[in-house]
């Protein structure tokens, strides 16, 4: 079973919820064997979401869930909680796209890496990820090692050394980790997180879901066959979906 729990219908605000446009996403999902889809917008575009249209969009053999991807910024916890409480969400994903005011994963700001110590960048990023996890605000943590997007790697500690303490924090929470295929189409050419981290996750018994991070119908489920094969080879046999902020397992099959 393919699960795509990271699908942006409005992308970065340039598209709108219309029945015909939404159906292009749902059609592509079913054509590619997706049986559970999570429609998730960035929180700054939440006013564009048509909750009634999502609720009315029933498809045989396709579980449809509505979510929100929220940028975690320290000090924003109370406003995030209020936002979540006001919306009819099936799941909430937390992610980190900013270190201070630096949008490190945006192409326009990629050069920011050139003037910085990469080990410090990794350390700063994972401090934020750790705070995200400990906030207990989210159901899913998105693209866990996104900081590698442009191919920069730490020198003093590898990614697993940065992540391992955080995985133990996740173990003590109800959070699910997204295995995100978007890195396969980025310069790093590697899913988020990398196989080494996923192997450690499996050893710790941490639950997973999958996402393509699609920002257009053509990207729905892109790379998820690779994700499924990787998860299966490591030992995973189920993935997680959500309804009304409650998780439930679905079988993973090749």
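When only residues in region 201-222 that are out of contact with any strand residue (DSSP E or B) (no Cβ under 9 Å at 6 or more places or on another chain) and in a loop (DSSP other than H, G, I, E, B) count, which is nearest to residue 138 (Cα to Cα)?
Restricting to residues being out of contact with any strand residue (DSSP E or B) (no Cβ under 9 Å at 6 or more places or on another chain) and in a loop (DSSP other than H, G, I, E, B), the top hit is 205.
With the structure loaded, tell me whether residue 79 is surrounded by fewer than 21 Cβ atoms within 10 Å (Cβ to Cβ) and over 25 Å from residue 227 (Cβ atoms) or whether it fails that test.
In short, yes.
Test of understanding: among 240, 234, 177, which residue is touching a helix residue (DSSP H, G or I) at 6+ places or on another chain (Cβ under 8 Å) and within 19 Å of residue 93 (Cα to Cα)?
Just a single option satisfies the conditions, and that option is 177.
Quick test for you: out of 140, 80, pick the one residue that is over 22 Å from residue 180 (Cα atoms) and touching a residue at least 24 places away in the same chain (Cβ under 8 Å).
The match here is 80.
Residue-wise test of (1) touching a residue at least 12 places away in the same chain (Cβ under 8 Å); (2) under 15 Å from the mean Cα position of the chain (by Cα); (3) farther than 21 Å from residue 107 by Cα.
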{"residue": "161", "(1), (2), (3)": "no, no, yes"}
{"residue": "171", "(1), (2), (3)": "yes, no, yes"}
{"residue": "196", "(1), (2), (3)": "yes, no, yes"}
{"residue": "207", "(1), (2), (3)": "yes, yes, yes"}
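From the list 138, 104, exactly one residue is in contact with a strand residue (DSSP E or B) (Cβ under 8 Å, 6 or more places away or on another chain) and assigned to a loop (DSSP other than H, G, I, E, B). Which is it?
Among 138, 104, only 138 is in contact with a strand residue (DSSP E or B) (Cβ under 8 Å, 6 or more places away or on another chain) and assigned to a loop (DSSP other than H, G, I, E, B).
None of the figures in this text is laboratory data; all of them are computed from the coordinates on show. Computed from a predicted model, the values in this text were never measured in an experiment. Because the Cβ atoms are built from the backbone with ideal geometry, glycine has one as well, and the counts that use them run over all protein chains shown.
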